[in-house]
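The values are calculated or read from the model by the stated rules, or taken from the named source; none is laboratory data. In this text the structure is predicted, and so the values were computed from the model without any measurement. As a convention, Cβ positions derive from the backbone with ideal geometry for all residues, glycine included, and neighbour counts pool all protein chains shown. SASA here: full protein model, heavy atoms, side chains in, ligands and nucleic acids out. Shrake-Rupley method; radii C 1.70, N 1.55, O 1.52, S 1.80 Å.
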Amino acid sequence: MASSPAQPLDHRYRGEHPIRTLAYLFRADRRRLALAVAVFTVKHSPIWLLPLITASIIDTVVQHQPISRLWTSVGVILFILLINYPLHILYVRLLYGSVRRMGTTLRSALCTRMQQLSIGYHSRVSAGVLQAKVVRDVETVEQMVQQTAETGLGATTVLVGGLVIIAVRTPEFVPVFLVVVPAAALVVARLRARLRTHNEHFRHEVETLSSRVTEMTRLIPVTRAHGLEGKALRRMDGTLRRLLTSGMRLDLVNGRFGSLAWVVLNVVGVLVLAGAALVSYYGVWGVTAGDVVMLSAFLTTLTNSTTTLAGLAPIITKGLESVRSVGEVLQEPELEDNEGKSAVDSVRGEVEFRGVGHVYDGGSDAVRDFTLSVTPGETVALVGASGAGKSTVLNLVIGFIRPTSGRLLLDGTDMNSLDLRTYRRFVSVVPQESILFDGTVRDNVAYGMDDADEETVRAALRDANALEFVDRLPKGLDTLVGERGARLSGGQRQRLAIARALIRDPRVLVLDEATSALDTRSEALVQDALARLLRGRTTFVVAHRLSTVRGADRIVVMGEGRILETGTHEELLRRGGAYTALHAGQLA
């Protein structure tokens with residue numbers, strides 16, 4: 001059986017040669033792979049047996065040997081040709097099945113590790129890079145193994161089989177082949193290396209053209225508005241001319257390569273054929289006419305096999321680099337540390353910051369000396385200018401990051417001692433930009449709650465002021481919302497996010513600019529829904545619009561990572577401090 005998806009996470013990838021990593025990944029299928037190699041050797045045998053059988057047939061005819069030898073040779077060749085089909089199917093099932101299982105296991109391991117990596121890591125590494133590792137890098141590894149196995153095994157069996165037959169039938173020619181074949185292959189490989197350089201240059205020009213076309217199409221409204229069509233076309237013409245020049249140069253090099261390779265291989269073939277014919281003609285070493293034909297055929301096949309093996313180098317290099325790329329994620333040390341810590345089975349909602357500070361890698365203090373006690377069910381609003389540290393405080397509450405100084409307590413227990421994965425079952429987050437996936441309304445609201453029935457979903461939608469628009473959708477709860485909720489308005493998406501939070505009945509609620517991107521009517525509906533969501537829950541709110549935090553039990557004004565002042569809306573206005581300045585700035 002294939003290995004479980006979790007097992008590759010336990011391996012040491014960094015500092016290890018990728019070949020050893022591949023051996024580790026395929027260890028569960030090693031018997032299948034060994035059998036696949038054996039099956040391939042048998043099924044591919046016609047390539048290196050045909051010259052020998054052809055030589056036998058020619059000798060039978062030329063030397064007037066018993067006709068039974070002819071029929072025996074024909075029977076053997078027909079047999080090995082006919083068994084190729086079933087053996088090839090078996091080979092595909094063995095090899096390609098192992099490769100697909102390895103790829104699936106590797107992708108599953110990558111997805112598992114991405115779920116375990118810290119939020120800090122995900123904030124530094126773009127989603128596009130991680131997606132490329134899961135999709136493209138694993139696919140490159142799969143293709144490398146498949147192509148190397150198919151092409152490399154074929155070339156290797158032909159080389160080994162051909163040299164063995166030559167050593168047995170005409171051992172005197174083994175030194176000739178050991179010198180001539182690598183030399184001819186080296187000439188062809190040198191020519192191909194030059195061709196690869198031109199191919200790479202042409203690929204870069206095609207990529208530049210693709211970039212220019214994308215740029216041109218995006219700029220068409222600006223181009224039209226300013227009458228710059230001529231300039232845009234002249235710029236595109238320059239790119240097209242460079243692509244034309246590069247393409248014609250590549251065609252010429254291709255032509256030269258094809259012709260020179262053909263000339264080199266055939267000249268060498270003629271010389272070997274002439275030498276073998278002379279040896280046979282003068283009766284030296286007992287070389288027969290069939291041996292001459294066999295040696296000529298083997299020269300071509302062995303030279304092609306050597307060249308093929310040399311041509312695999314770029315494919316193998318690219319594949320091994322992808323193995324290293326995947327290993328960067330699988331052995332990334334920046335994991336959320338939850339192992340061996342206490343599970344949380346209930347939450348009252350008391351949160352206490354005691355001199356909490358947090359410093360991001362390579363940065364200054366995002367939060368420092370933050371001290372605040374929040375009672376269960378209290379609503380605390382965090383306000384302040386951008387960069388004041390509000391989002392860092394929310395991330396500390398959610399457990400995305402841990403304090404680098406001070407202590408953060410949940411219901412009297414230091415959160416550093418808690419398994420934050422179990423704590424988050426009691427937390428709901430409503431972000432500024434609602435995150436929906438391409439599924440139904442029901443799927444998005446009840447995400448992760450498979451036991452939620454329709455009435456529970458409808459109740460959450462009703463409390464979120466979302467039921468009225470959901471019932472008007474073509475299929476109601478079963479309407480697809482599109483990628484990132486593209487078929488819904490901003491206010492509708494945000495109300496679905498609130499319904500998702502409500503259905504979980506959280507004890508701790510985090511609202512991060514939940515209404516900042518909405519129009520007045522949508523904001524009113526969302527604010528009404530939030531009022532129901534806040535009841536009886538410890539809530540942390542971040543908002544730039546001070547009108548949305550007026551009803552908070554306590555407002556915390558932050559600046560440069562510190563608490564500047566706290567109090568209710570009225571108390572802070574009477575104090576005439578930082579909050580009053582923020583308030584006046586929004587009224588101006």
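Each residue in region 182-197 was checked for being modelled with pLDDT under 70 and touching a Ser or Thr at 6+ places or on another chain (Cβ under 8 Å), and 5 of them qualify. Of the residues making up region 206-213, at least one is at pLDDT below 80 and open to solvent by 70 Å² or more (accessible area, probe 1.4 Å).
Taken together, Ser118, Ser126, Ser108 contain a single residue that is on the phi < 0 side of the Ramachandran plot and without any contact (Cβ under 8 Å) to a residue 60 or more places away in the chain, which is Ser126. Sub-7 Å Cβ pairs linking a first residue in region 451-471 that is free of Cβ contacts under 8 Å to residues at least 60 places away in the same chain to a second residue that is open to solvent by 30 Å² or more (accessible area, probe 1.4 Å), at least 6 apart or interchain, are Val457/Arg442; Leu467/Arg458; Phe469/Gln492, ordered by first then second residue. Just one of (1) open to solvent by less than 50 Å² (accessible area, probe 1.4 Å); (2) at pLDDT below 90; (3) outside any helix (DSSP H, G or I) fails for Arg348. It is (1).
On the stretch given as region 300-344, residues that are over 25 Å from the mean Cα position of the chain (by Cα), at pLDDT below 75 and charged (D, E, K, R) total 1. Candidates are the residues of region 105-148 that are among the hydroxyl-bearing types (Ser, Thr, Tyr) and over 12 Å from the mean Cα position of the chain (by Cα); the one that is surrounded by the fewest Cβ atoms within 10 Å (Cβ to Cβ) is Ser123. Scanning region 379-389 for residues that are part of a loop (DSSP other than H, G, I, E, B) and touching a strand residue (DSSP E or B) at 6+ places or on another chain (Cβ under 6 Å) returns Ala388, Gly389. For region 265-288, the set of residues classified as in a helix (DSSP H, G or I), modelled with pLDDT of 70 or more and surrounded by 12 or more Cβ atoms within 10 Å (Cβ to Cβ) consists of Val268, Val270, Leu271, Val272, Leu273, Ala274, Gly275, Ala276, Ala277, Leu278, Val279, Ser280, listed by residue number. If I filter region 390-422 down to residues being part of a strand (DSSP E or B) and of a type outside the set (Ser, Thr, Tyr), which single residue comes out as most open to solvent (accessible area, probe 1.4 Å)? Per the criteria, the residue is Arg407. For region 347-362, the set of residues classified as in contact (Cβ under 8 Å) with a residue 24 or more places away in the chain and not aliphatic (A, V, I, L, M) consists of Arg348, Gly349, Glu350, Glu352, Phe353, Arg354, Gly355, Gly357, His358, Tyr360, Asp361, listed by residue number. Does Arg458 satisfy being modelled with pLDDT of 85 or more, among the basic types (Lys, Arg) and surrounded by 14 or more Cβ atoms within 10 Å (Cβ to Cβ)? Against the criterion (modelled with pLDDT of 85 or more, among the basic types (Lys, Arg) and surrounded by 14 or more Cβ atoms within 10 Å (Cβ to Cβ)), Arg458 qualifies. Of the residues making up region 353-375, none is among the acidic types (Asp, Glu), closer than 25 Å to Leu130 by Cα and surrounded by 19 or more Cβ atoms within 10 Å (Cβ to Cβ).
Which members of region 375-416 meet the condition of being of a type in the set (A, V, I, L, M, F, W, C), touching a residue at least 40 places away in the same chain (Cβ under 8 Å), touching a helix residue (DSSP H, G or I) at 6+ places or on another chain (Cβ under 9 Å) and over 16 Å from Pro506 (Cα atoms)? Listed by number, the residues that qualify are Ala381, Leu382, Val383, Ala385, Leu396, Phe400, Ile401, Leu408, Leu409.
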